[in-house]
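First up is the structure itself, then whatever we jot down about it.
The values are calculated or read from the model by the stated rules, or taken from the named source; none is laboratory data. Given the structure is predicted, the values throughout are model-derived calculations rather than measurements. Methodologically, a virtual Cβ is constructed for each residue, glycine included, from the backbone with ideal geometry; neighbour enumeration extends over all protein chains shown. For the accessible areas, the whole protein counts, side chains as well, though only heavy atoms, and no ligand, DNA or RNA atoms are used. Shrake-Rupley method; radii C 1.70, N 1.55, O 1.52, S 1.80 Å.
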Amino acid sequence: MSDPVIKVQNLGKLYRLGEVGTGSIADDLKRWWANVRGREDPFSTVGTVNDRTSKDGESDYVWALKDINFEVKKGEVLGIIGRNGAGKSTLLKLLSRITAPSIGSISIRGRVASLLEVGTGFNPELTGKENVYLNGTILGMTKREVDSRYEEIMEFAGCTRYADTPVKRYSSGMKVRLGFAVAAFLEPEILIVDEVLAVGDAEFQQKAIGKMQDVSKEGKRTVLFVSHNMTSVKSLCSRCILLNNGTVVINGDTEYTVNEYLKLGKDEAISFKERTLSSNQPFIFTGWEVVDKKLGNGTRVRSKSNFIVRISYLANLNLDFGKIYVAFVICDIYGQVIATAHSEYSGKSYQLNDREGQFECEIKNLPLTGGEYSIMLFCKSSKFGNLDKIENSGLLTVEEIDVYNVGKQTKSKHGIISLDQDWK
Amino acid sequence: MDRLKESYWDQVIQPKRSLLDLNLREVWRYRDLLRMLIKRDIITVYKQTILGPAWYVLQPVLTSLIFVFIFGKVAKLSTDGLPMFLFYLAGITMWNYFADSWTSTSGTFRMNAQLFGKVYFPRVVVPLSKVIGGLVKFMIQLSFLVVCMLYYLVFEDAPIVFNWYMLAIPLLILISGLMGLGLGTISSALTAKYRDISFLIDFGVRLFMYATPVIYPLSSVPPEYQKLVLLNPMTSIVEAFKFVLLGSGSFDITNLLYSAGFALIVLVAGMIIFNRTEQNFMDTV
């Protein structure tokens with residue numbers, strides 16, 4: 001039925017690591033000289049992939065994206081998923097022509113509008129009306145197109161009464177609504193969207209998701225949708241691409257790809273053994289465990305129970321760290337933060353007296369339902385700011401128990417928080 | 001199948017584009033954006049001030065008055081027998097259009113990094129909007145200048161002769177606008193990469209004015225230095241502008257052709273450099 005509207009071939013993007021500063025003019029000249037002689041770029045070492053965990057790459061240059069190939073057909077809603085730093089944003093930037101690729105090509109048929117941010121180019125001094133026109137034309141509409149949709153845009157945003165008020169007097173929510181409204185009435189053949197749905201109040205989010213669904217059901221427009229929110233990816237996308245370390249790992253149907261993405265998160269838990277102290281890392285976490293009265297030491301606790309968290313560290317005591325604060329953050333497997341146990345909340349700070357040691361925290365009556373949760377560790381000092389942060393430091397397994405003493409277990413579709421409840 | 005044909009795709013994004021790929025068709029498609037940007041610049045200028053658009057006139061008037069005092073009364077520089085105020089005002093009006101075109105476009109990448117990082121449109125629309133928008137300010141100042149001329153003509157009996165050369169004014173504007181655009185786009189690429197250059201430009205443009213016959217007539221320059229001053233492509237423009245309006249100065253076709261040629265060369269160079277920067281600018285900020 002449908003013809004391809006986007007065709008990506010051997011696409012790659014090379015980035016230079018570190019600051020663009022001393023030496024870059026010299027590098028520029030070397031590069032230019034190699035280019036003039038028709039030689040290969042001396043700074044693009046073949047084979048270096050975008051892998052932030054390996055610190056000892058041979059080159060200062062890194063492929064943020066490499067060997068990307070895919071096609072998108074007319075009317076498809078394609079989800080692009082991947083962990084932070086997998087190359088999603090770079091891919092969007094290339095597709096929306098914000099920056100040029102280093103190799104490869106992207107062929108496009110039809111008009112593209114990218115929505116990487118709402119309200120791009122809003123000027124606080126201008127009125128709502130003037131900003132709608134400015135923003136609309138920045139996004140590629142003509143004045144006449146904005147004219148014909150102006151009433152609808154203002155109504156959708158709920159800003160009709162404030163059309164002649166300067167945007168600097170708008171609340172931040174109103175600004176977001178107005179920005180999204182302009183974007184929602186864009187009518188390009190290809191729309192590129194980046195997580196804008198995560199903004200605005202609940203009512204407006206509903207509206208926004210509804211609008212996206214309308215767009216995708218019409219089947220006329222092609223949408224590329226980048227998000228961390230697997231729920232909206234599942235409800236909107238017909239197909240997904242999973243990026244990891246700058247390459248396409250999976251290109252398949254949504255259900256399968258999302259599941260592979262979740263597995264990837266579990267596999268990628270950091271290994272504490274590989275971490276060492278260094279001059280720019282004078283403090284590291286070396287592990288954590290939980291102690292549950294019944295289940296013992298490990299990574300398993302029971303729902304609704306009291307347990308102890310033990311976080312161990314290694315520090316270079318030649319430095320005076322001042323006061324230290326530690327946090328144990330519970331996230332869902334998508335990386336969304338659920339709850340934080342922060343020593344600052346209990347007014348507790350630590351002084352480091354030993355090179356190795358442990359922080360302890362008791363968590364009472366854990367209000368989470370059964371399942372797996374990802375743990376983030378974080379530490380800051382009053383002198384140096386952030387000392388260490390590990391986003392995916394392993395999984396905490398919460399065992400489901402008969403919380404309500406009725407012989408039934410809570411179901412995962414009933415949410416992740418277990419309420420204290422008493423029905424009369 | 002037709003998808004194999006090259007013409008199937010509207011657009012192919014590749015690492016390298018040809019040197020002078022201006023893509024004028026696309027710029028034309030974004031003409032409404034050009035208009036909105038000009039409107040925005042003009043509206044925001046007077047929205048933030050008490051006197052509003054009056055500043056467009058006040059600024060050259062105050063500068064001229066100071067010049068009258070310093071260069072006219074204290075240093076006693078020649079103004080070719082013209083009323084000092086008119087002489088300076090005319091010079092400043094023409095010079096400012098060029099200087100504003102240059103400095104306002106030189107910040108294109110630096111000032112719009114946020115915007116350029118989020119959405120694509122032909123970047124050249126931004127410097128174009130500055131140069132075209134500058135015309136509004138210039139026209140207001142020019143009208144004020146004409147009013148002043150009439151005043152001097154009627155009440156002071158100044159030796160002003162209106163002549164047919166006046167028709168050349170649009171040409172003078174075009175040349176200085178394009179020259180400002182060319183120098184500005186070259187500067188914008190430089191400031192995008194090495195920030196300290198922006199200080200150099202602000203400072204340099206101000207100094208450059210003294211190498212241009214704005215506060216003195218070319219005729220008062222010693223003959224051995226005249227060639228040097230004429231190397232400055234703005235010299236013949238400012239001289240011609242004073243000539244067509246006030247009847248003093250000089251109108252030299254050869255020198256004007258030199259200025260036009262210079263403008264064309266910097267414009268082409270500017271566009272090539274701008275194109276290059278536009279593609280990879282976002283990676284350096």
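What residues qualify as long-range amide H neighbours of A:Gly252, i.e. H under 5 Å apart, gap of 5 or more or another chain, H built at 1.01 Å from N?
A:Cys240, A:Leu242
Excluding ligands, DNA and RNA, what is the accessible area buried between chains A and B, summed over both sides, using a 1.4 Å probe, to the nearest 100 Å²? Before the final figure, lay out the partial values.
Numbers: alone 23400 and 16200 Å², together 35670 Å².
For chain A against chain B, roughly 3900 Å² becomes buried.
Once amide H atoms are placed 1.01 Å from N in the peptide plane, what residues at a sequence separation of 5 or more from A:Glu76, or on another chain, have their amide H within under 5 Å of its amide H?
A:Val223
Hey, which of these cross-link pairs are over 20 Å Cα-Cα: A:Lys93/A:Lys234; B:Lys47/B:Lys130; A:Lys93/A:Lys217? Write out the running numbers ahead of the final one.
Details: A:Lys93/A:Lys234 23 Å; B:Lys47/B:Lys130 18 Å; A:Lys93/A:Lys217 26 Å.
Check vs 20 Å cut-off fails for A:Lys93/A:Lys234; A:Lys93/A:Lys217.
Within 10 Å of each Cβ in A:101-110, how many Cβ atoms from other chains are there, averaged over the peptide?
Details: counts 6, 3, 3, 3, 5, 5, 9, 5, 5, 3.
That works out to 5 on average.
Round to the nearest 10 and give me the degree value, 0 to 90, for the angle of helix B:125-151's Cα axis relative to the longest principal axis of chain B.
20 degrees
Going highest first, how would you order A:215-221, B:242-248 by mean Cβ packing within 10 Å?
Values: A:215-221: 15.1, B:242-248: 22.1.
Final packing ranking: B:242-248, A:215-221.
At 1.4 Å probe size, what's the solvent-accessible area of B:Lys39? Round to the nearest 10 Å².
Per-residue accessible area (B:Lys39): approximately 100 Å².
Anything losing 10 Å² or more of accessible area from the isolated chain to the full protein assembly: pick those residues out of the stretch B:40-74, probe 1.4 Å, ligands and DNA/RNA ignored.
Those residues are B:Arg40, B:Ile43, B:Thr44, B:Lys47, B:Gln48.
Spelling out what I want: for every residue of the stretch A:275-282, take phi, set θ = phi - 60°, compute 6.51 cos²θ - 1.76 cosθ + 1.60 (Karplus), and round to whole Hz; glycine and proline get x.
Once θ is set to phi - 60°, the couplings for the stretch A:275-282 become 9, 9, 6, 8, 5, 9, 9, x Hz.
Over all residues in B:167-176, what is the mean tally of Cβ atoms on other chains that come within 10 Å of each residue's Cβ? Before the final figure, lay out each step's value.
Details: counts 0, 0, 0, 0, 0, 0, 0, 0, 0, 0.
Mean partner-chain Cβ count within 10 Å for B:167-176: 0.
Residues with beta-carbon under 13 Å from that of A:Ile330, excluding A:Ile330: net charge, scoring Lys, Arg +1 and Asp, Glu -1? Write out the running numbers ahead of the final one.
On the way: positive: none; negative: A:Asp332, A:Glu372, A:Glu391.
Local charge sum for A:Ile330: -3.
Around A:Val112, under 15 Å between beta carbons, what's the net of Lys plus Arg minus Asp minus Glu among the other residues?
On the way: positive: A:Lys7, A:Lys74, A:Lys93, A:Arg97, A:Arg109, A:Arg111, A:Lys220, A:Arg221, B:Arg29, B:Lys118; negative: A:Glu76, A:Glu187, A:Glu189, A:Asp194, B:Asp10, B:Glu26.
Computed value for this residue: +4.
Taking H placed 1.01 Å from N in the peptide plane, check which residues at least 5 places from A:Leu396 or on another chain put their amide H under 5 Å from its amide H.
Amide H to amide H, under 5 Å and 5 or more residues apart or across chains, A:Leu396 pairs with A:Tyr373, A:Ser374, A:Ile375.
Tabulate in residue order the Karplus-calculated ³J(HN,Hα) for the stretch A:125-137, using 6.51 cos²θ - 1.76 cosθ + 1.60 with θ = phi - 60°, rounded to whole Hz; enter x for Gly and Pro.
For the stretch A:125-137, the Karplus curve yields 7, 7, 6, x, 4, 4, 5, 4, 5, 4, 4, x, 6 Hz.
Compute the signed sum of charges (Lys and Arg +1, Asp and Glu -1) over the other residues within less than 13 Å, Cβ to Cβ, of A:Leu91.
Numbers: positive: A:Lys13, A:Lys66, A:Lys88, A:Lys93, A:Arg97; negative: A:Asp67, A:Asp194.
In short, +3.
Quantify, in whole percent, the carbon and sulfur part of the accessible surface of the stretch A:62-133 (1.4 Å probe; protein heavy atoms only).
Numbers: 820 of 1990 Å².
With neighbouring chains kept in place, the figure for the stretch A:62-133 is 41 percent.
Which of the lysines could a cross-linker span from A:Lys220 if the Cα-Cα distance has to be under 18 Å and same-chain partners fewer than 8 positions apart are dropped?
Cα-Cα hits under 18 Å: A:Lys7, A:Lys73, A:Lys74, A:Lys211.
Return one whole number: the accessible area per residue of the protein assembly as shown in Å², for a 1.4 Å probe. Provide the component values of the computation, followed by the final result.
Values: 35670 Å² over 709 residues.
On a per-residue basis, 50 Å².
Counting DSSP beta bridges in the protein assembly as shown, what percent are antiparallel, to the nearest 5?
If I count the DSSP bridges inside the protein assembly as shown, around 75 percent turn out antiparallel.
Among B:Asp196, A:Asp292, B:Asp157, A:Asp3, what's the order by accessible area (1.4 angstrom probe), most exposed first? Show your work: numbers first, answer last.
On the way: B:Asp196 105, A:Asp292 0, B:Asp157 125, A:Asp3 75 Å².
Heavy-atom accessible area, descending, gives B:Asp157, B:Asp196, A:Asp3, A:Asp292.
Running Debye on chain B with equal point scatterers at the Cα sites and no solvent, what base-10 log of I(q)/I(0) appears at q = 0.10, 0.14, 0.15 Å⁻¹?
-0.59, -1.06, -1.18
Using r as the Cβ-Cβ distance of A:Ser382 and A:Trp423, and R0 as 51 Å, what FRET efficiency do you calculate, to the nearest 0.05?
Working: r = 48 Å, r/R0 = 0.94.
Efficiency, rounded to the nearest 0.05: 0.60.
Largest first, what is the accessible-area ranking of B:Phe71, A:Phe283 with a 1.4 Å probe? Spell out each step's value before the answer.
Working: B:Phe71 40, A:Phe283 0 Å².
Solvent-accessible surface, decreasing: B:Phe71, A:Phe283.
Post the alpha-carbon centroid distance, the stretch B:33-87 to the stretch B:234-256, in whole angstrom.
Computed from Cα coordinates, the inter-centre distance equals 20 Å.
From the P(r) of the protein assembly as shown, can you give the percent of Cα pairs sitting at distances over 38 Å? Could the numbers behind the result be given before it?
Numbers: 133478 of 250986 pairs.
Value for the protein assembly as shown: 53 percent of Cα pairs lie more than 38 Å apart.
Roll a 1.4 angstrom probe over the protein heavy atoms and tell me the percent of accessible area of the stretch B:21-283 that is carbon or sulfur. Before the final figure, lay out the partial values.
Numbers: 8660 of 12300 Å².
Solvent-exposed carbon and sulfur of the stretch B:21-283 make up 70 percent of the total.
So what's the gap between the Cα centers of the stretch A:77-153 and the stretch A:332-383, to the nearest angstrom?
39 Å
For the stretch A:272-315 and the stretch B:95-127, what is the separation of their C-alpha centers, rounded to whole Å?
52 Å
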